[in-house]
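Data block below; observations after.
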Amino acid sequence: MLQPTDHLSIGLLFRRFWGRIGITWTLTFVETALFALLPLLIGWSIDGLLAGDNQAFLQFCITLAALLVVSIGRRVYDTRAYGTIRAELGRAQFQKTEGQAISKSNARVLMGRELVDFLETEAPQAMTAIVRVTATVVILWMFNAYLSFAAAGAAIIMLAVFWAASGRFFRLNGALNAQTEQQVAVLDSRNLKDIVKHFTRLRQHEVRLSDWESIIYGVIFAVLLSMLAFNLWYGATQIGATTGQIFAIVSYSADFVEAAVALPYTLQAMTRLKEITQRINLAEDEEQD
């Protein structure tokens, strides 16, 4: 059970609810691994069916059935597990914010729910992306080393770009959260001029954050799409691949692009949560100082 004196954080939630979170993440890992096998099984099925061999196609169908069962089971369990964590976190935050202005208290309770949202959504997405990216690099290596090098190089450049931009992400999220904390008090004032000014400032902070995201993700997309184009050209013209192998190469390269994009989003969410964690654990006397 969470206590009002606890320093609320992702780490604390994981330690207190590791059983529930562990089950959901394990199911996510299994689901992702099954998804990662599909392009390879499709490629084998194409070559097998063209040669009159149904074995690979049967393996593909069995994998689809297993994927269906795991996917449904995970979603049913997720809702119940994370709903319990949200309720417990809300209670602890209410006790923690007693004595604070209702505007800040309300805003911080809502911000705190983002910690659970991260464990439920962004963390599994990051896990999924890491598994898919790793699987792509390994499987592309089976076809040709240069295909694997292209994917790994794109991932390294992508992470370097986001690391260089993370400081500005933190500052922009902080400014947006600080303005959000004022919302209930501003609305309660019934002063139309102040309300308009508040929402105008919110819009300005959101626009600044969105513009910076667009620039960074634009650079990242350019890197990833260049990798996809290279692998398509190289796989189709330089290594004498079969039709099924070319399909698998292109599918894994495209899947790499989709999966890799999730990593910067997760890092951005972690940057935002770092600022939120500091804010929701800040005592009233510390703010006054």
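The values are calculated or read from the model by the stated rules, or taken from the named source; none is laboratory data. Nothing here was measured: the structure is a model prediction, and the numbers come from that model. So basically every Cβ, Gly included, is an ideal-geometry build from the backbone, and we count neighbours across all protein chains shown. These accessible areas exclude ligands, DNA and RNA; they are computed on the full protein's heavy atoms, side chains included. Shrake-Rupley method; radii C 1.70, N 1.55, O 1.52, S 1.80 Å.
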Peptides 187-197, 158-168 ordered by average Cβ neighbours within 10 Å, highest first: 158-168, 187-197
With point charges of +1 on the Cβ of Lys and Arg and -1 on the Cβ of Asp and Glu, referenced to the Cα centre of the chain, which listed residue (T63, W163, Y234) lies farthest in the positive direction of the dipole? W163
Hey, in the GNM for the chain with a 10 angstrom Cα cutoff, which one of E122, E31, E88 fluctuates hardest? E88
Rounded to whole Hz and in sequence order, give me ³J(HN,Hα) for region 218-226 from the Karplus expression 6.51 cos²θ - 1.76 cosθ + 1.60, θ = phi - 60°, writing x for Gly and Pro. x, 5, 5, 4, 4, 5, 5, 5, 5
How far is helix 123-143 tilted, in degrees, relative to the longest principal axis of the Cα atoms in the chain, given as a value from 0 to 90 rounded to the nearest 10? 20 degrees
Show me, for region 165-181, the HN-Hα J-couplings you get by feeding each phi into the Karplus relation (A = 6.51, B = -1.76, C = 1.60, θ = phi - 60°), rounded to Hz, glycine and proline as x. 9, 5, x, 5, 4, 4, 5, 5, 5, x, 5, 5, 5, 4, 5, 4, 4
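Let me spell out the model: positive unit charges on the Cβ of Lys and Arg, negative unit charges on the Cβ of Asp and Glu, origin at the Cα centre of the chain. What dipole size does that give, in debye rounded to 20?
400 debye
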Apportionment of accessible area to carbon and sulfur, the chain, percent (1.4 Å): 64 percent
If r is the Cβ-Cβ distance from S166 to E88 and R0 is 30 Å, what FRET efficiency results, to the nearest 0.05? 0.50
Give me the net charge of I139's neighbourhood, meaning all other residues with Cβ under 14 Å from the Cβ of I139; Lys, Arg count +1, Asp, Glu -1. 0
5 Å is the cut-off here: which amide hydrogens, built 1.01 Å from N in the peptide plane, fall below it relative to Q182, excluding neighbours closer than 5 in sequence? none
